[in-house]
Structure formats: structure tokens, C-alpha cells
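The values are calculated or read from the model by the stated rules, or taken from the named source; none is laboratory data. The model shown is predicted, which means the values in this text are computed figures rather than measured ones. Because the Cβ atoms are built from the backbone with ideal geometry, glycine has one as well, and the counts that use them run over all protein chains shown. Only protein heavy atoms, including side chains, enter the accessible area calculation; ligands, DNA and RNA are left aside. Shrake-Rupley method; radii C 1.70, N 1.55, O 1.52, S 1.80 Å.
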Amino acid sequence: MNPEPQASRPLPAADLDGWDASWSLFVDAPDHRGVTRRWYLLDTGATADTRLTVLAVHGNPTWSYTWRHLAAAVPDDVRVIAPDQLEMGFSERSGELRRLGDRIADLLALTDELELSGDVVVVAHDWGGPVSLGWLQHVQADHDGLDIVGLVLTNTAVHQPAESSAPTLIRNARRPLWLGQVTVETSAFLRGMFELSNPRTPAEIRRGYLAPYDTPDRRKAIGEFVADIPLEADHPSAAALDAVAAGLARLGDVPTLLVWGAGDRVFSDIYLHDLEARLPHADVHRHPKAGHLVSEDTDVASIVVDWLQTLGADETPPPLSAPVDLTAALRDPAIADRIAIHEMGADGRSVTFGELDELVQRTAEGLFGTGGVQVGDRVAVMIPPGVDLAIALYACWRMGAVPVLIDGGLGPAQMGAAMKVAHPNHLIGIRRALAAARTLRWPGRRIAVEPTHRVARRLLGVEYDLASLQDAPSVPLPAVDPDAEAAVVFTSGATGPSKGVRYSAARIDTQIRTLVEQYNISADDSLVAAFAPFALYGPAMGIPSTVPDMDVSSPGTLTAATLLDAVETVDASLVFASPAAILSVLETLDELGARDRTALDHVRLLLSAGAPVPGHVLRAAVDRLVPNAAAHTPYGMTECLPVADIDLVSLESLGPDALHHLGVCVGMPVDSVELLIDPLDELGVPTGLPTSEPGLLGEVRVRAAHQQLGYDRLWHTTHLASPADGTHVTGDIGTIDADGRLWIGGRTGHVIRTATGPVAPTPIERAVDMLDGIRRSAAVGVGPAGAQVVVVIAETSDAGRRPRQSSLDRIDRIRAAVAEATGLDVAACLEVPSLPVDHRHNSKIDRTHLADWATGVLEGGSVRNP
């Protein structure tokens with residue numbers, strides 16, 4: 001191929017999607033051989049106020065168009081320079097083959113010509129990663145006046161992990177018979193890139209990426225780039241890539257962000273985890289569905305801009321916490337002979353605190369000494385509540401491993417997604433979990449709960465079982481850092497994708513102590529836990545505990561009989577159950593018949609959480625089930641629990657004329673918790689000005705010593721939910737009344753944005769739910785933001801199998817009830833046989849889905865059940 005004539009060099013069309021023609025710049029600079037070449041750059045330009053330069057490097061088969069969103073999003077004092085690599089994009093076509101080492105040298109020559117200096121952040125995608133990293137390592141060594149202050153990598157790689165093969169797409173494209181045809185002679189490789197996106201790349205954006213590659217001559221380097229991927233040890237570029245990979249060990253003082261599209265079928269999570277291991281200090285934001293063109297599939301620009309704002313911020317670490325032992329109660333000699341856990345069911349077993357302590361110690365030593373579990377390793381624990389779960393959980397805590405708790409209430413899809421994001425080093429599970437791990441290729445070395453013979457071990461890929469580890473030689477255990485990660489638990493996914501929530505031992509300890517103090521829990525108490533999170537805490541509180549014979553991940557499986565069995569077995573004084581579980585018990589009370597219910601009289605405290613609990617449900621539970629109990633409903637979330645609390649007497653004292661137009665009263669904040677409200681603007685968006693002033697509708701923020709460390713591999717989500725003021729942004733909307741009580745009105749994403757201002761859905765739903773024939777309801781907004789109307793979707797006892805418009809009589813009653821309670825008009829009422837709720841609580845309604853569904857129905861679309 002002959003060098004491209006100067007006159008034939010095109011420019012990007014000014015009408016490309018998202019493109020600004022003022023960014024275009026041609027620069028003449030020498031290449032690695034000293035020959036002057038013409039580079040095309042996206043350059044937002046420098047000013048006297050420029051404090052930072054972002055050097056953004058594209059991969060193959062893209063060009064600087066990849067960085068247009070970032071160029072448009074950065075503040076005025078940040079300059080973006082995004083060169084098209086030589087032979088690529090709109091840069092010169094010299095006809096020369098350029099290997100990885102050449103491209104690194106080319107980029108060095110360009111930045112020397114540009115006299116790049118000052119604070120620089122490198123941003124790279126795809127094979128722009130190795131090129132920019134090689135450049136970075138050179139300038140760190142011998143470029144005075146240029147300071148690398150940050151590094152952002154998106155879907156790239158520096159190494160092919162030995163345990164995995166190279167991506168199928170790349171291996172196929174490199175085949176000699178295919179390489180030229182798919183990468184050069186046709187645009188198949190280019191167009192295949194769009195198929196790797198999620199959602200599929202729109203036509204106008206495809207046009208932008210294809211613009212510089214309209215002929216085989218202009219695509220030649222695409223094929224050369226693919227051929228230059230060093231999959232073989234003797235490949236000409238292998239040494240250069242190995243040097244780049246080795247150089248990452250010297251970047252420990254460079255702030256780093258990894259932004260990843262986990263749906264990428266080329267640079268999959270395998271390469272993310274390799275980079276995490278090489279850059280353990282890196283912040284990570286992993287988008288579960290975004291594909292290879294991650295900057296098109298999700299808002300990478302906002303993530304990067306927000307991260308840039310944190311560079312140079314005061315990173316003074318918080319004071320170190322005092323040493324914490326979450327297993328300390330197990331060692332207490334005063335309760336050594338007392339039952340710690342009693343399993344229900346025909347095959348149930350019991351252990352004393354002393355026995356549990358010994359099993360935990362032996363298991364911890366076996367995991368650490370023989371099982372290969374190291375301090376800080378993540379251990380997925382997939383065991384039903386009971387003795388084995390307690391042994392595994394507390395053994396991890398005792399030796400400094402990090403249990404990852406994934407319960408069946410998430411549902412199969414969310415469980416698989418949770419395993420992918422948590423990426424545990426080990427998995428301790430029952431046989432069913434191990435079989436799923438083998439079939440679905442979940443990560444982690446596998447440890448069986450039950451004794452496992454050789455054939456089963458081979459079939460399931462099991463290395464050890466708990467019994468063999470408990471018989472392993474004794475070893476001393478390491479000290480546990482109270483501020484290090486100590487657990488990863490997952491949100492229900494009811495109000496968005498399920499997220500991993502990270503806790504330290506110090507924060508878990510504070511949470512347990514907060515519960516003990518809030519509810520006056522003492523050694524005289526015993527616990528029946530029908531709510532998954534609290535099935536774990538009985539041993540840590542030093543009280544006997546049991547879980548009813550039920551599927552804890554499915555609250556509706558609790559019956560009055562199984563609850564009574566559990567209460568009788570441990571002579572329970574405390575019962576913790578979700579609202580859905582309590583409803584199930586009340587519905588099955590008749591099954592008790594003439595059975596002696598005396599044990600229920602001993603229950604002094606009934607706790608129900610996980611979703612707002614209607615007062616009439618608590619009243620029925622007390623009157624018909626636990627007559628001597630004080631009923632409380634703590635408010636909180638996976639990220640911080642408890643936050644507030646209200647008891648039944650206080651709830652009923654509010655009276656029918658109280659502030660129910662505000663939502664559901666969840667009571668006063670518990671001791672040491674601070675509540676703030678971030679007021680909503682006229683479009684229902686939080687203003688960012690949190691206050692404790694009463695009477696304002698806004699997003700609820702909390703500040704507590706027992707709130708989460710952050711979200712797992714979701715840097716930006718953590719950044720938005722954990723402002724510099726130390727609060728946690730809950731995502732709930734609510735109001736603080738004049739007496740300091742908190743009222744919850746729904747979720748920020750469910751706010752109805754009417755012409756007269758934002759409206760919370762919960763007050764509407766409360767009014768509708770009180771009507772005869774309605775089980776529960778959802779209020780959603782239909783229409784454009786700022787002009788939405790209220791639509792009520794009711795789950796009714798007579799809805800039939802298919803959705804339908806409410807009868808005129810019922811519409812009138814719904815409208816009258818809502819108008820009286822809130823002063824709002826209801827535009828339409830739809831009836832369904834059931835509302836979509838989460839698996840874990842069987843009560844949190846997916847209003848976002850319902851709003852989309854109702855919009856379609858009212859526009860004449862499908863009337864299938866939502």
C-alpha cells in the first residue's frame with residue numbers, strides 16, 4: 001500500500017452524532033522511526049485556566065470518536081486530547097506495519113511534539129490500554145514536568161490469564177484465511193463490534209464509528225492490530241506486552257479507576273479481575289450489562305468526570321477502630337452449656353455455645369491452614385440457616401476471611417449475577433449450590449458442607465468438606481483488622497439491580513450492639529428468626545436462636561404451626577419476621593385448632609421489617625398471635641439497619657387524622673443515628689441541600705456508625721450514595737415531622753412528577769389499600785416529567801386472570817379516598833390479579849415496571865399481566 005496523499009486525508013463530518021467540529025486538529029509529529037507523520041487529534045484546547053489534561057487513547061477498531069462524550073462533559077479547566085493512532089481513524093495512512101512497541105514509541109513522540117506537561121490523567125479503552133500504559137511507564141521514568149495523577153482503564157487487557165483461553169472472536173479473526181477478509185476487505189470486524197454492545201449500537205452512532213474506515217486501504221491497520229495481539233509466547237509483540245504488564249506493579253501510587261462493561265464478550269470479567277490483582281488499589285465500577293463499547297452503553301463520561309473531581313481531595317483516613325471479635329460471645333464460659341442454635345425439622349440438630357465455639361475454631365484453622373483461605377479472601381456461603389451456616393460464617397470472621405452471603409430470595413438470575421460481581425475466591429455450599437456452581441461456572445474453589453466421597457468430589461469439583469477441614473492440623477490464626485472488609489451482602493433487587501453491600505467487622509459489631517441496646521436484648525432472651533438477615537445474629541448476641549421450618553427466602557412458607565413449633569423449641573421471647581411472613585401466619589392460624597398456644601404468651605417482642613408494615617397487620621399479630629408482645633417495626637435497609645423504629649402503641653396513637661398524607665410513619669431515629677432530608681425540586685430531583693428542617697419532602701439521608709462501607713465494584717454508585725458529609729443517601733423519599741418522626745413516601749425513582757410538583761406514591765396507596773376488595777396497590781406517574789398524572793394499579797380479590805379497567809363504582813371510591821387523604825386527582829384505575837414484587841420480601845412493588853406497563857395499556861397496547 002502506498003502512503004496516503006495529503007490531499008486525500010478526510011475530516012470527520014460535522015454532523016456525526018455527538019461530535020463537535022471545533023475539536024478537530026491535525027498535528028505533524030515524528031513517529032518511532034523519526035519520520036514526520038500527520039496525526040489527527042480530538043483536542044478541546046488549553047486555556048490559561050487549564051489545570052489538568054486528559055490523554056485518551058482509543059483501541060481497535062475505533063478512533064477518537066470514542067471519547068466525544070468525555071470531551072463534552074469535562075469542566076472548562078480540563079483539557080481532553082484524544083489522538084487517532086497512526087494508520088487509524090483520521091490519522092495518516094503510511095502503509096507501515098506498527099506493532100505494540102512501535103505504537104508506544106509513536107505516542108511518546110507525539111506528546112513530546114505537543115510539549116505535554118503538568119498534571120495528566122490517562123484514559124484508555126481496548127488496545128489503547130497497553131499502548132497508553134507503555135507510554136505512561138516511559139514518561140514516569142524520564143519526563144520531568146509531566147506528572148501522571150490518574151489512570152482510567154475501560155475494557156482492556158495486559159495479559160491472557162493461563163486458566164482461560166483468548167476470546168473466541170479474536171481467535172477466529174486471527175485465522176490466516178479469515179483475517180484479511182473480515183478485518184480489511186470487508187467491514188465485518190467493525191460491524192461485529194456493534195453486536196457486542198448492549199443495547200445494540202444505534203445507526204447514527206454506528207455511522208460515526210465507521211466514518212474513517214470506508215475502504216479496504218483505510219482498514220488495513222485494523223487487520224494488523226488484530227494480528228499483533230500476542231497470543232503466542234514467541235509473538236513479536238509478546239515481550240512488549242509482558243513489559244507493560246510487569247510495569248503495573250510500579251503504579252501503586254497512581255490513583256486508578258477501572259470502568260467495566262461486564263457484558264463484553266471480548267474483554268470479559270476475566271481481564272477485569274487480572275487488572276484488579278495487578279492494581280489492587282484501583283477503584284472499580286462494573287456495569288453488569290454494558291458491552292465492549294462501554295462508553296456507548298453506559299454513561300462513562302459522568303463516572304470519569306466525578307472521579308476526576310476526587311483527585312487530590314483530602315484522603316485523611318478515619319480513626320482506626322478498636323479491635324473487634326464478632327465471635328466473642330461464643331467464647332463466653334457463662335453460656336458454654338446453653339443451646340446456641342436449634343435446627344427445626346425432622347433432621348434438625350442442636351449445638352451449645354461451647355460446641356459451636358469449638359467447631360468454629362477448628363473450621364477457621366482448617367480453612368486457613370489446609371483449605372488455602374487467606375485473610376481478606378472472599379468466601380461465598382450458600383447454606384440454609386442453621387448450624388452449618390453459623391459454623392461457616394463465624395469461622396470466616398474468626399480467621400479474617402470475608403463471607404459473601406447470597407440467599408435464594410434473590411432468585412436464580414440475581415444469584416448468578418451476585419456471584420459474578422462478588423467473584424469469591426472460595427465457595428462453601430450444600431450439594432445443590434455446588435452443583436449449580438459447577439453447571440453455571442461460578443467462581444471459587446469449592447468446599448462441601450456435607451462429607452463428600454471421592455466420586456462426588458470429582459463431579460462437583462470439590463476440594464474439601466467441612467468435616468475434613470475440622471480434622472486438619474491446628475494452626476495459629478491471624479489477627480483481624482476491624483476496619484477491613486468483613487462481609488458482602490446483597491440488596492433484594494426490588495428497587496433496582498441487586499447490589500453487593502460491603503461491611504467491616506467494626507460496623508457489623510456496631511450494628512449488633514445497636515440492636516441489643518435498642519430492644520434491650522439480654523442473656524435471658526431467645527430468638528426465632530424468620531427473616532434471613534437476622535437468622536445470623538443470634539450467636540453473636542449470645543442468645544439461643546432458631547429458624548422456623550420454612551424457606552427463609554420465601555416468607556409465604558411460614559405458617560402458624562411452624563412458627564409455634566419454633567417458639568416452643570427455644571422458649572422464644574423474640575420473634576423477627578417480615579410483613580409477608582406475618583400475613584402468612586395470620587392466614588394459617590386456623591390450622592392450630594385446639595393446640596396449646598401458651599408458648600406464644602412468652603414472646604415479649606415482635607419485630608417486623610423489610611418493608612413498611614401496616615398498623616392493622618401488627619395489631620392482628622398481637623391480638624391473635626403474641627398477646628404479651630410489644631410490636632415494633634424497625635426501618636432501615638441493607639446498607640444501614642436499624643435507622644428508625646416505631647412500636648404499635650405509638651403507631652396507633654397517631655390516629656386517623658394524623659399526617660398520613662406524608663406516607664408511612666417509621667418512627668424516631670434510633671440512638672446515634674442522624675436523619676436529614678434532601679428536599680426535592682419541582683421536578684422531583686433532590687437539590688443536594690440536606691437539612692433537618694421538618695415538613696419538607698425529600699430524599700432521606702442517614703449518618704450512623706453501622707452504615708455500609710460502600711457498594712461492591714460500584715465506585716460511582718458508592719460515590720453518589722456516600723457524599724463527603726459522611727451520610728448514606730437511602731434512595732427513599734420522606735419527611736421529618738415537627739416531633740422528629742420520619743415518614744416514608746416511597747422511592748426517589750417512583751416519585752410522580754405532576755404539573756403542581758412532586759408527589760410521593762405511598763400516601764396514595766395507603767388510602768386505596770384501606771378500601772374493601774383491594775389487597776394492595778401501586779400509584780405511578782404516566783406522562784412526561786413535570787406533567788404526569790396519577791394512575792392507580794390495584795391488586796384486587798375479584799380481578800380475574802387478566803388486567804382490566806376498574807368498575808365505575810370502584811373508580812369513584814378510589815378517587816374519593818385518594819382525594820380525601822391527599823387532595824390529588826386519580827386519572828385512571830387498573831386492576832390486576834397480582835402485582836410484581838421482589839422474591840426476598842414478597843412485598844416491595846416494582847413501580848418502575850408498572851409505570852411502563854400502565855403507559856402501554858393506556859396507549860392501547862398489550863393488556864397482559866404486568
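Listed values, structure above:
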item	result
Single match in SER492, SER545, SER498, SER468 (criterion: among the hydroxyl-bearing types (Ser, Thr, Tyr) and under 30 Å from HIS281 (Cβ atoms))	SER498
Residues of the stretch 206-217 that turn out to be open to solvent by 20 Å² or more (accessible area, probe 1.4 Å) and either assigned to a helix (DSSP H, G or I) or not β-branched (Val, Ile, Thr) (or both), as a count	7
Restricting the stretch 141-171 to residues that are part of a strand (DSSP E or B) and in contact (Cβ under 8 Å) with a residue 60 or more places away in the chain, the residue that is surrounded by the fewest Cβ atoms within 10 Å (Cβ to Cβ)	VAL149
Given (1) farther than 15 Å from ALA392 by Cα; (2) buried (at least 21 other Cβ atoms within 10 Å of the Cβ), number of the condition ARG349 does not satisfy	(2)
Any hit, the stretch 311-321, residues being buried (at least 21 other Cβ atoms within 10 Å of the Cβ), touching a Ser or Thr at 6+ places or on another chain (Cβ under 8 Å) and either part of a loop (DSSP other than H, G, I, E, B) or among the charged types (D, E, K, R) (or both)	no
Members of the stretch 690-714 found to be more than 22 Å from SER321 (Cα to Cα), not polar (S, T, N, Q) and not in a loop (DSSP other than H, G, I, E, B), listed by number	GLY698, GLU699, VAL700, ARG701, LEU714
Tabulated pairs, the stretch 17-36, first touching a residue at least 40 places away in the same chain (Cβ under 8 Å) and under 17 Å from THR111 (Cβ atoms), second open to solvent by less than 40 Å² (accessible area, probe 1.4 Å) and among the basic types (Lys, Arg), C-beta under 6 angstrom, 6+ apart or interchain	ASP31/ARG37
Some residue of the stretch 272-295 being open to solvent by less than 50 Å² (accessible area, probe 1.4 Å), at pLDDT 95 or above, of a type in the set (S, T, N, Q) and closer than 24 Å to LEU70 by Cα	yes
The stretch 365-385 residues that are closer than 25 Å to MET415 by Cα, paired with ones that are open to solvent by 20 Å² or more (accessible area, probe 1.4 Å) and hydroxyl-bearing (Ser, Thr, Tyr) (beta carbon under 7 Å, 6 or more apart)	GLY371/TYR464
Among (1) touching a Phe, Trp or Tyr at 6+ places or on another chain (Cβ under 9 Å); (2) modelled with pLDDT of 95 or more; (3) open to solvent by less than 50 Å² (accessible area, probe 1.4 Å) - the single one PHE267 does not satisfy	(2)
Pair list, Cβ under 7 Å, 6 or more apart: the stretch 186-215 residue touching a residue at least 60 places away in the same chain (Cβ under 8 Å), other residue open to solvent by 10 Å² or more (accessible area, probe 1.4 Å) and among the basic types (Lys, Arg)	PHE194/ARG200; PHE194/ARG206; LEU196/ARG265; ASN198/LYS289; PRO212/ARG218; TYR213/ARG219
Which numbered condition GLY698 fails, given (1) within 21 Å of ALA560 (Cβ to Cβ); (2) open to solvent by less than 20 Å² (accessible area, probe 1.4 Å)	(1)
So SER132, is it within 26 Å of ALA46 (Cα to Cα), among the polar types (S, T, N, Q) and loosely packed, with under 14 Cβ neighbours inside 10 Å	no
VAL305 among the β-branched types (Val, Ile, Thr), farther than 30 Å from HIS69 by Cα and under 27 Å from the mean Cα position of the chain (by Cα)	no
Selected residue (criterion: most open to solvent (accessible area, probe 1.4 Å)) from residues of the stretch 44-93 that are part of a loop (DSSP other than H, G, I, E, B) and hydroxyl-bearing (Ser, Thr, Tyr)	THR47
Subset of the stretch 322-338 [in a loop (DSSP other than H, G, I, E, B) and open to solvent by 40 Å² or more (accessible area, probe 1.4 Å)]	ALA322, PRO323, ASP325, ASP332, ASP337, ARG338
Residue that is crowded, with 23+ Cβ neighbours inside 10 Å, among the aliphatic types (A, V, I, L, M) and either outside any helix (DSSP H, G or I) or in contact with a Ser or Thr (Cβ under 6 Å, 6 or more places away or on another chain) (or both), where the choices are ILE341, ILE303	ILE341
Those residues of the stretch 341-380 which are basic (Lys, Arg) and closer than 29 Å to ASP549 by Cβ, in sequence order	ARG349, ARG362
Residue among GLY593, GLY538, GLY500 that is more than 24 Å from VAL729 (Cα to Cα) and in contact with a strand residue (DSSP E or B) (Cβ under 8 Å, 6 or more places away or on another chain)	GLY538
Which listed residue, of SER545, SER554, is farther than 20 Å from PRO627 by Cβ, surrounded by 22 or more Cβ atoms within 10 Å (Cβ to Cβ), touching a residue at least 24 places away in the same chain (Cβ under 8 Å) and polar (S, T, N, Q)	SER545
Filtered residue count, the stretch 283-300, keeping only those that are among the acidic types (Asp, Glu) and in a helix (DSSP H, G or I)	2
For VAL123: the one exception among (1) within 35 Å of the chain's Cα centre (by Cα); (2) farther than 24 Å from HIS159 by Cα; (3) open to solvent by less than 30 Å² (accessible area, probe 1.4 Å)	(2)
Selection count, the stretch 369-427, where residues are more than 30 Å from GLY556 (Cα to Cα) and either assigned to a helix (DSSP H, G or I) or not basic (Lys, Arg) (or both)	21
Residue selected from the stretch 639-674 under the condition open to solvent by 40 Å² or more (accessible area, probe 1.4 Å) and part of a loop (DSSP other than H, G, I, E, B), by the criterion modelled with the lowest pLDDT	ASP657
Some residue of the stretch 106-113 being open to solvent by 10 Å² or more (accessible area, probe 1.4 Å), modelled with pLDDT of 95 or more, assigned to a helix (DSSP H, G or I) and closer than 22 Å to PRO212 by Cβ	yes
Selection count where residues are out of contact with any His (no Cβ under 8 Å at 6 or more places or on another chain) and either of a type in the set (Gly, Ala, Ser) or over 26 Å from ALA523 (Cα atoms) (or both), scope the stretch 304-337	20
